[in-house]
Amino acid sequence: MSAEPFKVWQCRTCGYIYDEEQGDPGEGLAPGARWADIPASWICPMCGTPKSDFDMIEL
Amino acid sequence: MTISTDIANTIVDPKAYADGDRVDQAFAQLRREAPLEVAQPDGFDPFWVVTRHADILEVERQNELFHNGDRATVVTTIEADKKVREMMGGSPHLVRSLVQMDNPDHFAYRKVTQGSLLPQNLRALEARIREIARGFVDRMAEHGDRCDFARDVAFLYPLHVIMEVLGVPESDEPRMLKLTQELFGNADPDLNRSGKSVTDVNEGIDSLQSVVMDFMMYFNAITEDRRAKPREDLASIIANGKINGEPMGHLEAMSYYIIAATAGHDTTSSTTAGALWALAETPEQFAKVKADPSLIPGLIEESIRWVTPVKHFMRTATADAELAGRKIAKGDWMMLSYPSGNRDEAVFEDPFKFRVDRTPNKHVAFGYGAHICLGQHLARMEMRVLWEELFARLDSVELDGQPTRMVANFVCGPKSVPIRFKMH
């Protein structure tokens, strides 16, 4: 069974991009960290927007 | 403690920002002794001075509790505020751009252009921006071994980029540069319309309004053109933008152009000029980037922190609130000092050192929350491309005289950065 493809999420306010494949090590998110596993209380590291205000995008 | 009149006067004094050290020292003292306190400079209404990084984030995050538009968004004397309100039918603003708006309007107006300024949509512009950057690097090389990096490169490159994005013809760029400098450099006799120090409030506001009117006349013609014949440019997006299904109001549309045409280049110009000034003074930092271009993103973030071209914005409390243990009353006016937040010792190690490998570097120069800079991704891309092209050819750089800064307390940075350099 193949692994679920990595997805990319973007902050609606500032455009910050979270790419599951790359993670964001500076924010404590290791490469491969899935969006679903990031706590709901997490906020955009650039502008503070809540996780619920991110959209999945295709790059 | 309360803020002394001396310090209060310093933090609004355009000459203190031109001096640099004087304003840095004032804010360093405030962070130590009165990080969130009320100041009342001579001739101004009292306002809270928010100096700490964490408190700036806290205010910006709560954009319903701390509004932009209820009072002046830039620190203004009582007399100037009165004059503007008389001219604008009671409004404290000469323009009504995203900066002066709160929700629901802010969200609706921001949405009009936000998509085109997202990183994935800017990628299509990179090849053209690189071509423009190469042109400026070539022009720098043609200067031989000396130039004024601010005037010859940094002021012109971001201007050219934003004017292309906006759709303004190249022949009008000198006019846009002059109007921008007159707007942000209203207190600087080298840049303002009168060519002299502004001491009379009426004269200062009249001068600002005449600059705004010139911008509006120019962009009125652009609006008509783009409504009739839309193109693939930002001006067409603004001209044809709809708010709740209706065309934008005239003042709002004109203000949208003005903010794109001014903030869209002046801040990047200041940051670019300030970066080379800093690199010329720190040869070891220059050598680091030269040896390892993967440090360019770090150079960009550090130069944005270092220059912090937007010195402050004001907010107004919409209700009684508590911030860092202090009681803020409904209607209180607050100055968010970005240079202070970006020198906050609690967040940045050796904040007065320019370090291209600073990690993390969570500066507040673009703001935070709903009002975070709309053009930040374009600014970063422009600077990255310029530094990639310049570092590929620049072998050394040093100062060739004393750089100077604009005399201004709102949006400002270097005015002149004379350098001696070697390129291949």
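Each value in this text was obtained by applying a stated rule to the coordinates, not by laboratory testing. What you see is a predicted model; the values in this text were computed from it and never measured. Note that each Cβ is placed from the backbone with ideal geometry, even for glycine, and that neighbours are counted across all protein chains shown.
Can you find a residue in the stretch A:48-57 that is assigned to a loop (DSSP other than H, G, I, E, B) and either within 11 Å of chain B (Cβ to nearest Cβ) or buried (at least 17 other Cβ atoms within 10 Å of the Cβ) (or both)? Taking every residue of the stretch A:48-57 in turn, at least one turns out to be assigned to a loop (DSSP other than H, G, I, E, B) and either within 11 Å of chain B (Cβ to nearest Cβ) or buried (at least 17 other Cβ atoms within 10 Å of the Cβ) (or both). The sole residue among B:N121, B:N103 that is assigned to a loop (DSSP other than H, G, I, E, B) and within 14 Å of another protein chain (Cβ to nearest Cβ) is B:N103. A:P25 meets the stated requirement of being surrounded by fewer than 11 Cβ atoms within 10 Å (Cβ to Cβ), more than 18 Å from B:K111 (Cα to Cα) and either within 12 Å of chain B (Cβ to nearest Cβ) or more than 10 Å from the chain's Cα centre (by Cα) (or both). Checking each residue in the stretch B:310-325 for being closer than 14 Å to B:G341 by Cβ, out of contact with any Asp or Glu (no Cβ under 7 Å at 6 or more places or on another chain) and part of a loop (DSSP other than H, G, I, E, B) picks out only B:K311.
Out of curiosity, is B:G413 crowded, with 19+ Cβ neighbours inside 10 Å and of a type in the set (G, A, S)? Before the answer, list the steps.
Details: crowded, with 19+ Cβ neighbours inside 10 Å: yes; of a type in the set (G, A, S): yes.
Against the criterion (crowded, with 19+ Cβ neighbours inside 10 Å and of a type in the set (G, A, S)), B:G413 qualifies.
Taken together, the residues in the stretch B:166-209 that are exposed (fewer than 14 other Cβ atoms within 10 Å of the Cβ), within 21 Å of the chain's Cα centre (by Cα) and farther than 30 Å from B:L122 by Cβ amount to 2.
Determine whether B:D45 is farther than 28 Å from B:F352 by Cβ and either out of contact with any Cys (no Cβ under 9 Å at 6 or more places or on another chain) or within 14 Å of chain A (Cβ to nearest Cβ) (or both). Quick ask: steps written out before the conclusion?
On the way: farther than 28 Å from B:F352 by Cβ: yes; either out of contact with any Cys (no Cβ under 9 Å at 6 or more places or on another chain) or within 14 Å of chain A (Cβ to nearest Cβ) (or both): yes.
Spelling it out, B:D45 is indeed farther than 28 Å from B:F352 by Cβ and either out of contact with any Cys (no Cβ under 9 Å at 6 or more places or on another chain) or within 14 Å of chain A (Cβ to nearest Cβ) (or both).
Say whether the condition of being without any contact (Cβ under 8 Å) to a residue 24 or more places away in the chain and within 14 Å of chain A (Cβ to nearest Cβ) is met by at least one residue in the stretch B:379-394. No, every residue in the stretch B:379-394 fails to be without any contact (Cβ under 8 Å) to a residue 24 or more places away in the chain and within 14 Å of chain A (Cβ to nearest Cβ). In the stretch B:324-339, the residues that are without any contact (Cβ under 8 Å) to a residue 12 or more places away in the chain reach residues that are surrounded by 12 or more Cβ atoms within 10 Å (Cβ to Cβ) and not in a strand (DSSP E or B) with C-beta atoms within less than 9 angstrom, at least six apart or across chains, in these pairs: B:K327/B:D320. Against the condition over 21 Å from the mean Cα position of the chain (by Cα) and not aliphatic (A, V, I, L, M), how does B:N9 come out, does it pass? Taking the combined requirement at face value, the residue satisfies it.
Put simply, of B:S303, B:S270, B:S294 the only residue that is surrounded by fewer than 22 Cβ atoms within 10 Å (Cβ to Cβ) and hydroxyl-bearing (S, T, Y) is B:S294. Looking at the stretch B:367-424, the strands (runs of 3 or more DSSP E) lying wholly inside it that each contain 3 or more residues that are more than 30 Å from B:P41 (Cα to Cα) sit at B:394-399, B:418-423.
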